[in-house]
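A short reminder: the numbers here are calculations on the coordinates, not readings from a lab. Only a predicted model underlies this, so the values are computations on that prediction, with no experimental measurement involved. Note that each Cβ is placed from the backbone with ideal geometry, even for glycine, and that neighbours are counted across all protein chains shown.
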Amino acid sequence: MLSPQLSYKQPIVVSPDGKPVALTPWLVPIVWEGTFDPMLIDLIYRQKNITIATTVFALGKYTQFLKVFLESAEQNYFVGFRVHYYVFTDQPEQVPAVKMGEEHNLTVLIVPSSNRWQDISLSRMARLEKLIESRLINEADYVFSLDVDSKFYGHWGVETLGRLVGVIHPGYYQTPREQFTYERRPESQAFIPYSEGDYYYGGAVIGGLVEDVYQLAKTCREQLDIDASKSIEAAWQEESHLNKYFLYNKPTKVLSPEYLWQDQIPHKDRVKILRFSQIIKNYADVRPNL
Ligand code: 5GW
Ligand code: MN
């Protein structure tokens, strides 16, 4: 573990002449279009016979996002590899029947409804932890946890696999780190001082080997519990705790913002290809008034 006192320069994501940077200061890849050979990397992983578990939460009004999420995933996401989706929902009847590609399948997991959206957000880590313990340890090699209010626009394949994988948030990849929306109150377990931080990671994508994501989910859940016991909620809930975790447990692969964009941010001249993006949602429409 690094000392929190250790200060160093903030790593850049795009060079001053606009070129994507493909390596972190701790020498792991930042995955951009053009930095890997999709054919070769496919061949390498093809021989490994791996299963990629994918968890997605769709509670309350968020079930409306499942159709686009799953249909676009089936066009782009680990096509030709074994994928097992685990859809957590409080309304199993709202899960659309989407035709799955070869070796892709889906399990619906029923969870109780919640009126407080904070509980949904905060319980994702706990549910991921428990699912890994009870099933994924035996059923999968890698796991990704993805936001459902999203759409795949381009290829997402084995180039994203690694022991511990985070994605750079599209809103902050050219932002000085003092402006990152890390949790800044020392009372919170998610606290990061202004002098620290590599990237601002998006909470919509967490991935890696099942064992490593288990450690992440368990630790974040414990930290969320400590905060809850002190009635403190981090600025961006589990995203804040994720950022704290990644500061001290560096990802072994970092995905560029190609892997987490937002439909409302223009992407032309910023990324060569859009792969996965948060769709524009009408907040009044999807969020409970609580
Ligand atoms: C509802 C109100 C406020 C915050 C979250 C929710 C909510 C989230 C919900 O009612 N149902 C639900 O399934 N979620 C899950 O949490 C979805 O998988 C969603 O993609 C994820 C994160 O919440 P988002 O997408 O609203 O958060 P942002 O920061 O991407 O807008
Ligand atoms: Mn989202």
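Placing unit charges on each Cβ (+1 for Lys and Arg, -1 for Asp and Glu) gives region 103-220 a dipole about its Cα centre, and among Leu122, Tyr172, Gln215 the Cα reaching farthest toward its positive end belongs to Leu122.
Tell me the net charge near Pro38. Cut-off is 14 Å between Cβ atoms, Pro38 excluded, with +1 for each Lys or Arg and -1 for each Asp or Glu. Net charge in that neighbourhood comes out at -2. Extent along the principal axes, Cα only, for region 1-107: 51, 36, 32 Å, with the longest axis given first. Lysine pair count for region 125-278 with Cα-Cα distance under 30 Å and sequence separation of 8 or more or different chains is 24. Expressed as a fraction of 2.2 N^0.38 Å, the value expected for a compact globular protein of N residues, the C-alpha radius of gyration of region 84-225 is 1.15. All other residues whose Cβ lies under 13 angstrom from that of Glu129 are scored, Lys and Arg at +1 and Asp and Glu at -1, for a net of 0.
In the chain, Cα pairs under 8 Å separated by at least six residues give a relative contact order of 23 percent.
Loop-located trypsin sites (Lys or Arg not before Pro) across region 143-246 with a Cβ neighbour count of 16 or fewer within 10 Å are Arg163, Arg184, Lys230, with loop assigned by DSSP.
A Cβ-based charge dipole, computed about the Cα centre of the chain with Lys and Arg at +1 and Asp and Glu at -1, lands at about 220 debye. Rg ratio for region 80-143: its Cα radius of gyration over 2.2 N^0.38 Å, N being its residue count, equals 1.24.
I need the shape label for region 226-290. Rule: rounded when a/c is under 1.5, else prolate if a/b > b/c, else oblate, with a, b, c from the alpha carbon gyration tensor. In terms of gyration-tensor shape, oblate. Debye-formula intensities of the chain, expressed as log10 I(q)/I(0) at q = 0.08, 0.17 Å⁻¹, are -0.32, -1.65 (one equal scatterer per alpha-carbon, no solvent). With 10 Å bins beginning at zero, the pair-distance distribution over Cα atoms of region 141-290 amounts to 11, 38, 37, 13, 1 %. With neighbours defined as other Cβ atoms within 10 Å of a residue's Cβ, the residues Leu247, Leu224 order from fewest to most as Leu247, Leu224. Can you give the calculated 222 nm mean residue ellipticity of the chain, where each DSSP H run of n ≥ 4 adds -39,500 (n - 2.57) and the sum is split over every residue, rounded to the nearest 500 deg cm²/dmol? One gets -7500 deg cm²/dmol as the mean residue ellipticity at 222 nm.
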